[in-house]
Amino acid sequence: MKAMILKELTSLEENQNPLELVDIPIPVPKPDELLVKVSFCGVCHTELDEIEG
């Protein structure tokens with residue numbers, strides 16, 4: 001599956017594209033877990049704060 005990964009904390013003024021699109025294996029849920037398919041996801045202000053630490 002594809003995922004946007006944040007490799008390091010950075011200032012958005014210095015790095016306008018801090019997320020990297022990568023292929024990662026689909027997780028296998030444990031017996032007491034379930035796997036949820038997310039079709040779309042947006043970036044909100046909370047994520048922007050996390051990117052800058």
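The values are calculated or read from the model by the stated rules, or taken from the named source; none is laboratory data. If you're wondering where the values come from, they're calculated on a predicted model, not measured in any experiment. Here Cβ is always computed from backbone atoms with ideal geometry, including for glycine, and neighbour counts include all displayed protein chains. Please note that ligands, DNA and RNA were not included when accessible areas were found on the heavy atoms of the full protein model with its side chains. Shrake-Rupley method; radii C 1.70, N 1.55, O 1.52, S 1.80 Å.
Residues that are free of Cβ contacts under 8 Å to residues at least 24 places away in the same chain, open to solvent by 80 Å² or more (accessible area, probe 1.4 Å) and within 16 Å of the chain's Cα centre (by Cα) within segment 1-24 comprise Lys2, Met4, Lys7, Glu8, Gln16, Asn17, Glu20, Leu21, Asp23, listed in sequence order. For segment 25-53, the set of residues classified as outside any loop (DSSP other than H, G, I, E, B), β-branched (Val, Ile, Thr) and loosely packed, with under 10 Cβ neighbours inside 10 Å consists of Thr46 only.
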